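All remarks here apply to the structure that follows.
The values are calculated or read from the model by the stated rules, or taken from the named source; none is laboratory data. Here the structure is a predicted model, which means the values were calculated and not measured. Please note: Cβ atoms are built from the backbone with ideal geometry, for glycine as well, and neighbour counts cover all protein chains shown. The area values use the complete protein model at the heavy-atom level, side chains included, leaving out ligands, DNA and RNA. Shrake-Rupley method; radii C 1.70, N 1.55, O 1.52, S 1.80 Å.
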Amino acid sequence: MKLTAYMGIDALFLVVMLSAVLSSSASPTQSAKIARGKYLVEAVAMCGDCHTPISEKGEPLPGKVLKGATLTFKPVAPMPVWADKTPNIAGLPGWTDEQAVKFLMTGIAYNELPGRPPMPRYRLSEADAEAVVAYLRSLAPSDK
Ligand code: HEC
């Protein structure tokens, strides 16, 4: 009898510990996704090269990271559809997660059109597109 009671408490302890481990794994997964997205945005796809305004010295303006910019370069041959401004993508205002993931996987935006050049038509994997979206969502949207 005593042994059963002891084992009961032991098993309960195990369940409590397990559920603590399982529930805490939810946030590391989300933060790992955001970290992966930050890496893709900052070190692979270089979104800030076009979406972050720069100072006269060419440095990113503090507080304006990914908040939209006027491009400082033009194509060598004229391109009628060239866009010389980039929108704010911090917080991804105006986009659902599904629209933004599709855009990063296909290059096709919610209006069924590709972004105008020089916006690259990315073909990210679903996991990478979701990571980029999670990271952009984690940023405070523009105060503009
Ligand atoms: C080489 C420059 C460049 C880079 C790098 C770049 N963008 Fe863009 N992006 C643009 C331009 C220019 C536009 C505006 C296109 C337009 O007006 O049609 C744009 C538009 C967008 C839009 C809005 C598209 C639409 O149709 O409304 C989103 C969302 C976006 N970019 C996300 C990103 C993300 C995320 C990254 C990095 C993974 C990135 N961009 C990297 C230049 C760039």
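Points worth noting:
- Any hit, the stretch 46-60, residues being of a type in the set (D, E, K, R), surrounded by 14 or more Cβ atoms within 10 Å (Cβ to Cβ), without any contact (Cβ under 8 Å) to a residue 40 or more places away in the chain and near the ligand (Cβ under 9 Å from one of its atoms): yes
- Screening the candidates ALA131, ALA69 for the property of being under 18 Å from LYS33 (Cβ atoms), of a type outside the set (Asp, Glu) and either touching a strand residue (DSSP E or B) at 6+ places or on another chain (Cβ under 7 Å) or surrounded by 11 or more Cβ atoms within 10 Å (Cβ to Cβ) (or both) yields one hit, ALA131.
- Residue check for ALA127: farther than 30 Å from PRO78 by Cβ, out of contact with any Ser or Thr (no Cβ under 8 Å at 6 or more places or on another chain), more than 7 Å from the ligand (Cβ to nearest atom) and not polar (S, T, N, Q): yes
- Residue identified as part of a loop (DSSP other than H, G, I, E, B) and among the hydrophobic types (A, V, I, L, M, F, W, C) among PHE73, PHE103: PHE73
- One residue from ALA35, ALA77, ALA140, ALA109 being among the small types (Gly, Ala, Ser), in contact with a Gly (Cβ under 7 Å, 6 or more places away or on another chain) and open to solvent by 30 Å² or more (accessible area, probe 1.4 Å): ALA140
- Qualifying residue in the stretch 105-118 (condition: at pLDDT below 95, more than 8 Å from the ligand (Cβ to nearest atom) and over 16 Å from the mean Cα position of the chain (by Cα)): no
- Among helices (runs of 4 or more DSSP H) entirely within the stretch 1-59, having at least 1 residues that are farther than 23 Å from PRO141 by Cα and either modelled with pLDDT of 90 or more or of a type outside the set (Asp, Glu) (or both) singles out 2-24, 26-39.
- For the stretch 102-130, a residue qualifies if it is closer than 26 Å to PRO53 by Cβ and aliphatic (A, V, I, L, M), and the qualifying residues are LEU104, ALA109, LEU113, MET119, LEU124, ALA129.
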